[in-house]
Each structure stands twice: as structure tokens, then as C-alpha cells.
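The values are calculated or read from the model by the stated rules, or taken from the named source; none is laboratory data. Everything numeric here is computed off the predicted structure, so don't read it as measured data. For neighbour counting, all protein chains shown are included, and Cβ atoms are generated from backbone atoms with ideal geometry for every residue, glycine included. Areas reflect the complete protein model, heavy atoms only, side chains present, ligands, DNA and RNA absent. Shrake-Rupley method; radii C 1.70, N 1.55, O 1.52, S 1.80 Å.
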Amino acid sequence: MNAKPFASGLSENAVLITRVADSQWHALDDDLVVGRGHAQHRPDGRLFVSIDAWHDATFDRLAEAMLAELPAPLYTVVDEADVELTAGWRRTGFTIRRREWEYVVPTDPRVTGLEDVLPPSGVTIVPAGQADERLLRAVDRAIRDEVEATVGWEAMPAEVVPRPEGDTIVDPSRYTVAAAPDHYLGLIRVAPVYRPRIGLVAVRADEQRRGIARALLAHALGTLHRSGFAAAWTEVHESNQAASALFESIGARPMGSTLELVR
């Protein structure tokens with residue numbers, strides 16, 4: 001597409017903002033790229049923006065150009081420890097929408113205290129890769145409907161995994177489930193990358209407080225430990241006190257926080 005220059009400032013050395021593609025902007029100072037902006041639609045349809053700039057003034061000019069051309073609402077995610085970046089987005093009118101705590105979760109059962117944890121009577125743990133896909137999708141849909149009818153899915157960890165429209169199970173092999181004889185009661189999703197991520201732990205509302213979530217964690221973390229991983233990580237929405245208490249009870253440590261901002 002044709003570049004769309006956006007000059008900001010009155011000095012002779014004003015940084016030139018150029019839209020170099022549908023979703024990319026460059027800040028140029030005498031033909032040197034001194035900042036970049038990017039916009040991307042997440043799977044849920046929301047539009048997220050990011051800016052990487054050397055100076056506050058360049059950040060502000062990139063933001064000004066991008067906000068003038070992109071439809072609202074716009075979202076961005078920042079590490080809360082990055083005070084300068086957070087302040088930059090706040091200057092442009094973004095406000096905090098949600099905060100998630102990032103936890104490092106030990107896998108050693110001698111550390112987690114999950115060594116002797118078993119599922120409750122009548123419940124079995126189906127290892128990752130062995131779940132019946134039809135029953136897996138059914139329990140995932142039921143849990144999502146229950147969450148949406150109560151606290152709302154926004155209280156759950158932000159999910160950015162690409163998926164086909166309406167499909168919330170991207171890779172069934174990542175799910176370990178708690179099973180009754182004819183249906184599933186809960187699930188845990190673990191992405192086994194270089195630093196394993198627990199993306200979701202959830203149990204049907206009428207099956208909670210029976211120890212199913214702890215049994216799922218015991219199995220998943222034990223499997224990671226036997227595979228040589230000393231720790232996993234996860235995110236918990238700041239309002240989800242039950243999830244925070246569960247992870248902290250097995251030795252998980254908060255290591256930082258992430259902010260989602262909206263304008």
C-alpha cells in the first residue's frame with residue numbers, strides 16, 4: 001500500500017511518522033527508524049496496539065498517528081514494571097482494564113505438597129493426549145458458560161491463542177481432564193514449551209471444593225517434573241482470589257504483573 005506520512009511537531013527536525021503497511025508505522029528521523037508501531041487483531045476480535053520507541057516524544061507522535069487512523073476501542077498489554085511504557089500509554093488516554101499476576105509454579109511434588117494427592121472417589125484423571133475430544137469440548141463449553149453467567153470470562157486469564165471462529169479447544173493434546181464415568185468434570189491446559197505455561201485450570205461449578213483442581217495440578221505438575229521441568233508459570237486475574245490461594249498453597253510465587261489497557 002502507499003505510505004501515509006504523518007508529520008508532528010513544528011521544528012525542522014520533526015520526526016516523520018509513516019504508515020508502511022496496513023498494521024505498521026515507522027517513526028523516521030533523517031531516514032533513520034527511531035520507533036515502530038504495530039496493530040493486531042486478537043482471536044476475540046479486539047484490536048491491540050504496541051509501540052517501540054527510543055524517546056517519549058517519538059512514542060507520543062507514533063501514538064498520535066496510530067490513534068488517528070485506528071478504530072476504537074484499542075487495547076495494549078504492558079509489563080507493570082515498565083513504568084515508562086505504562087506512563088506513555090496513559091498519556092494518550094489509555095486506562096487500566098485488568099491486571100494479571102504472573103506466578104512461577106514449582107513442579108517438584110516434595111515442594112508443592114501434592115505428592116500424595118489423589119482425585120476424589122469416582123473421579124479419574126485422564127492424561128494429556130488421551131481425552132475424548134467430544135467430552136472435552138462439552139466440559140470446556142459448560143465451564144465457559146458458567147463463568148460467563150457469573151463473574152464473566154474477563155475475570156479469567158487473557159487468552160491470545162489463535163483459533164478458528166467459535167472453537168475454544170485449539171489443541172486437545174494439551175488438556176488433562178478429570179473424568180466421571182460418562183462425562184468430564186474439569187480440565188487443565190498446559191502448553192509444553194521451553195517454559196511450560198498453565199493456561200487454564202477449571203472445574204464445573206457443581207463439582208468444586210472436592211479437590212479436583214488440586215488433583216489436576218498434582219498430575220500435570222508431576223508429569224512436568226518427571227519430564228525435567230523444575231517450574232511452570234501461569235497468570236491469575238487480580239480479582240480471582242480463589243485461584244491465587246490455590247497456586248500459593250502449592251508454593252507458587254508471584255514474580256510480576258501485566259496490565260491490559262484500553263482506550
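Each row is one residue, and each column tells you yes or no for (1) open to solvent by 40 Å² or more (accessible area, probe 1.4 Å); (2) of a type in the set (Val, Ile, Thr); (3) under 30 Å from Val170 (Cα atoms).
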{"position": "Val20", "(1), (2), (3)": "yes, yes, no"}
{"position": "His26", "(1), (2), (3)": "yes, no, no"}
{"position": "Ala65", "(1), (2), (3)": "no, no, no"}
{"position": "Ala68", "(1), (2), (3)": "yes, no, no"}
{"position": "Leu74", "(1), (2), (3)": "no, no, yes"}
Restricting the range 99-121 to residues that are out of contact with any Asp or Glu (no Cβ under 6 Å at 6 or more places or on another chain) and of a type in the set (D, E, K, R), the residue that is nearest to His237 (Cα to Cα): Asp108
Kindly indicate which of Asp60, Asp31, Asp52, Asp44 is open to solvent by 30 Å² or more (accessible area, probe 1.4 Å) and on the phi > 0 side of the Ramachandran plot. Asp31
Quick check on the range 194-233: of everything there that is basic (Lys, Arg) and within 22 Å of the chain's Cα centre (by Cα), which residue is least open to solvent (accessible area, probe 1.4 Å)? Arg197
Which pairs have Cβ atoms under 9 Å, sit 6 or more apart or on different chains, and link a residue in the range 93-122 that is touching a residue at least 12 places away in the same chain (Cβ under 8 Å) and aliphatic (A, V, I, L, M) to one that is open to solvent by less than 20 Å² (accessible area, probe 1.4 Å) and assigned to a loop (DSSP other than H, G, I, E, B)? Val104/Ala252; Val105/Pro196; Val105/Ile250; Val105/Ala252; Val111/Ile250; Leu114/Ile250
What's the total number of residues in the range 243-263 that are within 22 Å of Val123 (Cα to Cα) and either open to solvent by 30 Å² or more (accessible area, probe 1.4 Å) or part of a loop (DSSP other than H, G, I, E, B) (or both)? 2
It is to be established whether one or more residues within the range 159-173 are more than 22 Å from Arg98 (Cβ to Cβ), in contact with an Asp or Glu (Cβ under 9 Å, 6 or more places away or on another chain), at pLDDT 95 or above and surrounded by 15 or more Cβ atoms within 10 Å (Cβ to Cβ). no
Return yes when Thr95 is open to solvent by 40 Å² or more (accessible area, probe 1.4 Å) and within 27 Å of the chain's Cα centre (by Cα) and no when it is not. yes
